[in-house]
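Presented below is the structure to which this report refers.
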Amino acid sequence: MVRLRLKVREILPPKEKVCGEVMVIDHGISFLGDVDVEKGLIEGKYRVSGKLLMFPHAVGSTVGSYVIYGLRAKGNAPKAIITGKEDPVTIIGCIISGIPLYVLKGSDVKELTYLSGVEACIEGGEVRFEG
């Protein structure tokens with residue numbers, strides 16, 4: 001059983017805590033090139049729909065913001081995004097899509113892949129993993 005607490009900085013916090021299954025991707029993602037908005041998949045294998053999506057950073061162009069919005073419009077958006085480094089594309093995409101956004105503090109997302117599939121809740125600047 002995993003019991004872990006990690007600190008996050010709230011960029012776009014929700015009104016209440018967010019809970020769900022975690023999906024950790026250990027490398028940067030391009031929302032424009034890697035995301036299938038129709039299926040809610042990244043790179044054809046990572047299902048992000050309804051998950052707490054964690055990744056180190058985004059890569060690519062400003063069109064990525066609209067891809068994040070496309071995930072929301074198709075009902076395939078993650079419940080929240082936790083990134084290792086904030087960037088304008090992800091911030092704007094989360095703003096227009098109403099997706100909570102956090103930046104991980106003091107930990108490297110690349111080293112947290114073992115948390116994929118674990119249930120977690122985000123509240124008050126902290127992610128609590130229990131599963």
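The values are calculated or read from the model by the stated rules, or taken from the named source; none is laboratory data. This is a predicted model, so every value here is computed, not measured. All Cβ positions, even for glycine, are placed from backbone atoms using ideal geometry, and neighbour counts span all protein chains on display.
Tabulated results
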item	result
Enumeration of residues in the stretch 91-131 that are surrounded by fewer than 18 Cβ atoms within 10 Å (Cβ to Cβ) and of a type in the set (Gly, Ala, Ser)	Gly98, Gly106, Ser107, Ser116, Gly117, Gly124, Gly125, Gly131
Selection from the stretch 115-131 of residues that are part of a loop (DSSP other than H, G, I, E, B) and closer than 23 Å to Glu16 by Cβ	Val118, Gly124, Gly125, Gly131
Count - residues of the stretch 39-62 that are out of contact with any Gly (no Cβ under 8 Å at 6 or more places or on another chain) and basic (Lys, Arg)	2
Candidate set: the stretch 52-70, residues that are of a type in the set (A, V, I, L, M, F, W, C) and at pLDDT below 95; chosen: the one farthest from Ser107 (Cα to Cα)	Val63
All positions within the stretch 83-114 that are under 19 Å from Ser30 (Cβ atoms), assigned to a strand (DSSP E or B) and either touching a Cys at 6+ places or on another chain (Cβ under 7 Å) or not β-branched (Val, Ile, Thr) (or both)	Leu101
Residues being crowded, with 16+ Cβ neighbours inside 10 Å, under 19 Å from Glu130 (Cβ atoms) and in contact with a helix residue (DSSP H, G or I) (Cβ under 8 Å, 6 or more places away or on another chain) - total across the stretch 1-39	2
First in the stretch 71-91 and closer than 15 Å to Val109 by Cα, second anywhere and among the charged types (D, E, K, R), Cβ under 8 Å, 6 or more apart	Gly84/Asp108; Gly84/Lys110
Residues of the stretch 77-90 classified as under 15 Å from Leu32 (Cα atoms) and surrounded by fewer than 22 Cβ atoms within 10 Å (Cβ to Cβ), total	2
Filter result for Ser49 (modelled with pLDDT of 95 or more and either assigned to a loop (DSSP other than H, G, I, E, B) or of a type in the set (Ser, Thr, Tyr) (or both))	yes
